[in-house]
Structure formats: structure tokens, C-alpha cells
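The values are calculated or read from the model by the stated rules, or taken from the named source; none is laboratory data. This one's a predicted model, so the numbers in the text were calculated from it and none came from an experiment. Methodologically, a virtual Cβ is constructed for each residue, glycine included, from the backbone with ideal geometry; neighbour enumeration extends over all protein chains shown.
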């Protein structure tokens, strides 16, 4: 393969990996606080829907900045939507899996209903302002490396990588991160030290909602170009697999998300690549989901998550 083909594979992998990176990071924050968030899929749906509507309505006002502002708006809506999961699991002490499943069932139905109310059909119009390709000045002039990593690449992907590094620093090198992890490991002990367990768990879930909403927003604006019921189809669950594969570590989750992004890219662009093009298209399309199942089967038993994950905390005990 020549340099241009390698650069194209790398760039497209980053594009598909970016929503997974952000959503997996969100799941990491939530589960580090002890709240299992299987509602990431629903949060991504609401982020994608709200960002698409924002993009359509305000593209003429904000121009090239529209996708970035829509990404933040999608994150905000995702955070608000994640409150449902937080209240159910923290205050009402609902089962985490059931609560997350309700979020996943409710989000697509609500989004499609609102789309029909706003646009009179089952999907939105196509957006006019999308995340395009970005070339880094100076860095793109480096021989070989510049062509692969820094020329006509995805700027949101590098933003997601930066967020992953910041998330690692916050979780493992700050007082907030120490308290978050302590609440996820032993909330009773954390409470005796004066840490507000409920506040920390709310923080973890809300951060997961914000990052998951941004992940959905980026997917809608860099890959789908519109919103429909099938825009987000399994990416939230793949993000959960990346989080587990990465052992609840932001940098590990990022690496796993890039791996799954590569699988998604190959499932679409594989027909243009040597050797892979000989594989039937149906197998390539199923590859990301098969890999997700394999990762969960092979690593879920070996991976050791937060000890208090999925366990409701009652302050009186």
C-alpha cells in the first residue's frame, strides 16, 4: 500500500473512533463512581438528535463554528438526559441495568417522535455544516509522518485524544479523581472520610452524559450527516466494550475505541483494500459487532472493575 492509502485508512479510523472514544470516557467516569451506565447508547442518540437540530437551525448564524457549538449542545442535552439515570440509580436505588435499559429504549422513541413533530417525516434534513478535514500547519510538512497523521485529518479525533489524556490526569492525579475512585471502590469508607458519595456519583453520571452526548453529536455531524432512528446503531454498546477492554482506564479505553473504529472503517472501506476485498461484504459489516461480543466474552471475566460498581449506596448503613 502507498502512503496515501495508509493515510486514508488512518484518517477514516480516527473519524469512526472519535465518538467511541468520548462515549467510552464517559462510561469510565460513571463506572469509576460506582454507577454502571448501560444507557450510553440512549445518551448518544439524544446527543446526535439535538446536535443535528441545532446544526440545521443555526448553521446560517454560526457558519463553520456550527458543528463545534452543536457538539457542546449535544453534550449538554446528553448530560440533562443522563439525570434520569442518576436520579433512578442514586436516589431511587433502581437497578442500574434496568435503568440504563429504560434510557436506551426511551431515547430513540422520543427522538424520532420529536423529529416527526419538527420536520414531518422520519428523519431530519441533511446538515449543511459538517466536521470536515483539517491540515495542521508545519506538522503536515514532516515527510511521511505529516502525510499520515497531520494532513487532511480529523480535528475532532485529536480533540478526543486530548480529552482522554485530560481524563486520565483527572481520574488518577487529582483530588476529584481520588474521591471519585474511592466512592466507586468503597462508598462507606469514603463517606466516613467526609466525602459526599451522592455528589460524586452524580458528578460521574453527568460527566458521562456530557461526553456521551458529544460522542453522538460528532457521529451525526461527521459520519451520518443527518439524524434518523438508525443513526446510532450499537455505537454506545461498542463504547462500553471499549471501556471494559481498556480496564476502566481513559487511555486504555481510548486505545480500544481506536481498535473498534478501525474495525468499523474496515467494514465499510474494506472492499477497496487488497485481500480484505475478497471477504464477503456481510462479514465485514458484522465484524465490529462480532469483535465487540468477542471482547466482552474474553475480557469481561478477567477485567476487574470498581468493586462497588452497580451497587446502590444507602447512607444510613
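Across the range 116-133, the qualifying residues are those that are touching a residue at least 12 places away in the same chain (Cβ under 8 Å) and under 25 Å from residue 7 (Cβ atoms), and the one among them that is nearest to the chain's Cα centre (by Cα) is 131.
Can you tell me how many residues within the range 6-39 are farther than 14 Å from residue 262 by Cα, part of a helix (DSSP H, G or I) and more than 15 Å from the chain's Cα centre (by Cα)? Final tally of qualifying residues: 1. Kindly indicate whether residue 125 is touching a helix residue (DSSP H, G or I) at 6+ places or on another chain (Cβ under 7 Å) and assigned to a helix (DSSP H, G or I). No, not satisfied. What residue, among those in the range 299-308 that are surrounded by 11 or more Cβ atoms within 10 Å (Cβ to Cβ) and within 22 Å of the chain's Cα centre (by Cα), is modelled with the highest pLDDT? Here the residue is 306.
Within the bounds of the range 145-161, is there any residue that is at pLDDT below 95, more than 30 Å from residue 60 (Cα to Cα), over 23 Å from the mean Cα position of the chain (by Cα) and surrounded by fewer than 16 Cβ atoms within 10 Å (Cβ to Cβ)? Yes; the residues of the range 145-161 include at least one that is at pLDDT below 95, more than 30 Å from residue 60 (Cα to Cα), over 23 Å from the mean Cα position of the chain (by Cα) and surrounded by fewer than 16 Cβ atoms within 10 Å (Cβ to Cβ). Of the conditions (1) closer than 24 Å to residue 240 by Cβ; (2) under 21 Å from the mean Cα position of the chain (by Cα); (3) surrounded by fewer than 23 Cβ atoms within 10 Å (Cβ to Cβ), residue 69 fails just one. Which one is it? So the condition that residue 69 fails would be (1).
Is there a residue in the range 80-92 that is farther than 25 Å from residue 182 by Cα and in contact with a helix residue (DSSP H, G or I) (Cβ under 6 Å, 6 or more places away or on another chain)? Within the range 80-92, one or more residues are farther than 25 Å from residue 182 by Cα and in contact with a helix residue (DSSP H, G or I) (Cβ under 6 Å, 6 or more places away or on another chain). When restricted to residues that are surrounded by 13 or more Cβ atoms within 10 Å (Cβ to Cβ) and either in contact with a strand residue (DSSP E or B) (Cβ under 8 Å, 6 or more places away or on another chain) or farther than 29 Å from residue 54 by Cα (or both), the range 123-138 contains 3.
When the range 245-258 is filtered for residues that are modelled with pLDDT of 90 or more and in a helix (DSSP H, G or I), the ones remaining, listed by number, are 250, 251, 252, 253, 254, 255, 256, 257, 258. Of the residues in the range 173-192, none is under 14 Å from the mean Cα position of the chain (by Cα) and under 18 Å from residue 162 (Cβ atoms).
The lone criterion from (1) crowded, with 24+ Cβ neighbours inside 10 Å; (2) at positive phi left unmet by residue 63 is number (1). Take residue 136 and tell me if it is within 24 Å of the chain's Cα centre (by Cα) and either touching a residue at least 40 places away in the same chain (Cβ under 8 Å) or assigned to a loop (DSSP other than H, G, I, E, B) (or both). No, not satisfied.
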